[in-house]
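Below is one structure; the comments refer to it alone.
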Amino acid sequence: MSENEVIRTVIVDDEETAIDNLRFELQRYGWVKIVGVAKTGVSGIRLIEKERPDLLFLDVELPDMTGMDLAARIHDSVDWRMQVVFYTAYDKYLINALRSYAFDFMLKPIDPKELDIVIDRIHSAAMEGEGPGEALVPARQPINEKSFMVVIPTGDLRILRVSDIGYFRYISGRKIWEAALSNGTFIPLRRNTTAESLCAYDPAFVQVHQSFIINMNYLVMVQGNRCVMYPPFDGVDELQVSKKFRKEMMDKFYQL
């Protein structure tokens with residue numbers, strides 16, 4: 001990157017005040033050019049695919065999905081270098097925890113000094129010819145320990161590893177998905193969580209039934225129509241494979 005080049009930037013956030021604040025702060029950097037703003041996850045995905053930005057500022061909580069949902073959905077289609085900076089109104093203690101997962105996180109309202117650190121790091125890397133680094137997958141962890149965030153019904157965030165989850169089940173009476181954890185507990189997810197968004201977190205998550213998504217890393221075999229799982233999920237009898245999802249599940253099994 002030469003001194004005359006710019007870092008093309010996209011903002012995905014539904015809060016007008018936060019967008020205006022970030023726009024104002026980014027004006028201080030002559031090499032940063034905002035090429036688009038989106039206020040929902042769906043429109044954000046379209047904008048990212050169209051503009052192919054170098055830098056993405058992404059709100060953790062969007063009206064139609066979480067920022068991590070968005071990142072998971074575009075992961076396979078992003079074939080260029082793009083730095084992702086998540087930002088949120090959640091407290092500083094959560095922010096410090098999230099930063100350990102190899103992403104950049106900032107707290108709303110944007111602190112100019114914090115922004116200086118993030119932008120200077122991105123600019124320095126670009127000037128050295130490396131370009132902004134991809135940050136959609138936490139690079140510090142083995143792939144089977146990839147982490148992601150889910151939102152529970154209270155609106156709080158939980159960070160989970162792929163290996164923490166044996167399967168997801170849909171509770172029709174409550175119209176929500178639950179994550180079955182290796183410690184024997186279940187975490188309810190917010191109501192607008194979809195099977196598509198859960199499967200997008202990791203290739204190991206595969207839908208086998210209208211009401212079940214399993215972690216293929218725990219699958220031993222399919223006996224009849226029942227999934228036989230490794231411990232600690234070996235005692236679970238409810239995981240049935242329906243005809244609709246059977247072929248896709250078998251295809252995924254041989255790809256992993």
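Residues are listed down the side, and each one gets a yes or a no for (1) among the hydrophobic types (A, V, I, L, M, F, W, C); (2) surrounded by fewer than 17 Cβ atoms within 10 Å (Cβ to Cβ); (3) closer than 20 Å to residue 117 by Cβ:
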| site | (1), (2), (3) |
| --- | --- |
| 34 | yes, no, yes |
| 37 | yes, no, no |
| 74 | yes, no, no |
| 83 | no, no, yes |
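So which residues in region 50-68 are out of contact with any Lys or Arg (no Cβ under 9 Å at 6 or more places or on another chain), outside any strand (DSSP E or B) and modelled with pLDDT under 95, if there are any at all?
60, 64, 67, 68
Here is a list of conditions, (1) within 21 Å of residue 123 (Cα to Cα); (2) part of a helix (DSSP H, G or I), and residue 46 meets all of them except one; can you say which number that is?
For residue 46, the exception is condition (1).
Does residue 66 count as polar (S, T, N, Q), surrounded by 17 or more Cβ atoms within 10 Å (Cβ to Cβ) and within 20 Å of residue 116 (Cβ to Cβ)? Even if it seems obvious, please write down each step before you answer.
Working: polar (S, T, N, Q): yes; surrounded by 17 or more Cβ atoms within 10 Å (Cβ to Cβ): yes; within 20 Å of residue 116 (Cβ to Cβ): no.
No: the conditions fail for residue 66.
Working carefully through the options 139, 89, 126, 97, find the one that is surrounded by 15 or more Cβ atoms within 10 Å (Cβ to Cβ) and modelled with pLDDT under 75. Steps first, answer last, please.
Values: 139 fails: surrounded by 15 or more Cβ atoms within 10 Å (Cβ to Cβ); 89 fails: surrounded by 15 or more Cβ atoms within 10 Å (Cβ to Cβ); 97 fails: surrounded by 15 or more Cβ atoms within 10 Å (Cβ to Cβ).
Of 139, 89, 126, 97, the one residue that is surrounded by 15 or more Cβ atoms within 10 Å (Cβ to Cβ) and modelled with pLDDT under 75 is 126.
Could you grab the pairs with beta carbons closer than 6 Å, sequence gap of 6+ or different chains, first residue in region 211-233 and touching a residue at least 60 places away in the same chain (Cβ under 8 Å), second one among the aromatic types (Phe, Trp, Tyr) and crowded, with 17+ Cβ neighbours inside 10 Å?
Here the result reads 229/218; 233/218, each pair linking region 211-233 to a residue that is among the aromatic types (Phe, Trp, Tyr) and crowded, with 17+ Cβ neighbours inside 10 Å.
Return the total of residues in region 196-239 being surrounded by 14 or more Cβ atoms within 10 Å (Cβ to Cβ) and not in a loop (DSSP other than H, G, I, E, B).
Here is the first cut: in region 196-239, the ones surrounded by 14 or more Cβ atoms within 10 Å (Cβ to Cβ) are 197-209, 211-219, 222, 226-229, 232-233, 236, 239.
Keeping just the survivors that are not in a loop (DSSP other than H, G, I, E, B) gives 197-200, 205-209, 212-219, 222, 226-229.
Final tally of qualifying residues: 22.
Filter region 214-228 for residues that are under 19 Å from residue 199 (Cα atoms) and over 26 Å from the mean Cα position of the chain (by Cα) and give the result. It would help to see each step written out before you state the result.
From region 214-228, those under 19 Å from residue 199 (Cα atoms) are 214-219, 227; that's our starting set.
Residue satisfying the conditions is 227 alone.
The values are calculated or read from the model by the stated rules, or taken from the named source; none is laboratory data. Computed from a predicted structure; not experimentally measured. Don't worry about glycine lacking a Cβ; one is built from the backbone with ideal geometry, like all the others, and counts go over all protein chains shown.
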